[in-house]
Amino acid sequence: MNKRVLIIDDEPDIILTLRMALEQNGFRTDSYSDSILAYKNFRAGVYDLVLLDIKMPNVDGFQLYQKIKRTDSRVKICFLTASEFYDEEIRKEQGFDGFNKELFLRKPVEITCLIDTIRPLMDLTFN
């Protein structure tokens, strides 16, 4: 059974790169470049993991995280950020300072790093 990943990022080129890499590694993907549309179409139990950009117009990644978790508390979330310091000050302000830094991937993310990070999150073997 293929694991399903939802990619939410306002940059279409990032979405395309992530989709291609994930699908080449056996994952099924869906994606949205609009955070509001992504949330409107999000359904509990459909996805194993959400790759979520932090800085997006309208609804940022932290706000969207809270909405998604209210809808599906079991889905795993991994944040994407272009920030060199993983938005530490913003995380503290938003109440996310206790989050594991490994759940914050810096863009552009290396594909091997992405796969190595998300597989354990979804309890996948490397076979």
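The numbers here are math on the coordinates, done by the rules we state, and not lab data. Nothing here was measured: the structure is a model prediction, and the numbers come from that model. Reconstructed Cβ throughout: ideal geometry from the backbone, glycine too, with neighbour counts over all protein chains shown.
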Quiz item: Quick one: if the Förster radius is 22 Å, what FRET efficiency do Cys113 and Arg74 give, using the C-beta to C-beta distance and rounding to 0.05?
Solution: 0.35
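If you stretched the chain out fully between Gln24 and Leu37, how much longer would it get, using 0.36 nm times the residue separation minus the C-alpha to C-alpha distance?
Details: separation 13, 0.36 × 13 = 4.68 nm, distance 2.59 nm.
Fully extending the segment from Gln24 to Leu37 adds 2.1 nm.
Just want the ordering: Ser35, Ser83, from fewest to most Cβ atoms lying within 10 Å of their own Cβ.
Values: Ser35 22, Ser83 14.
Taking fewest neighbouring Cβ atoms as first place, the list is Ser83, Ser35.
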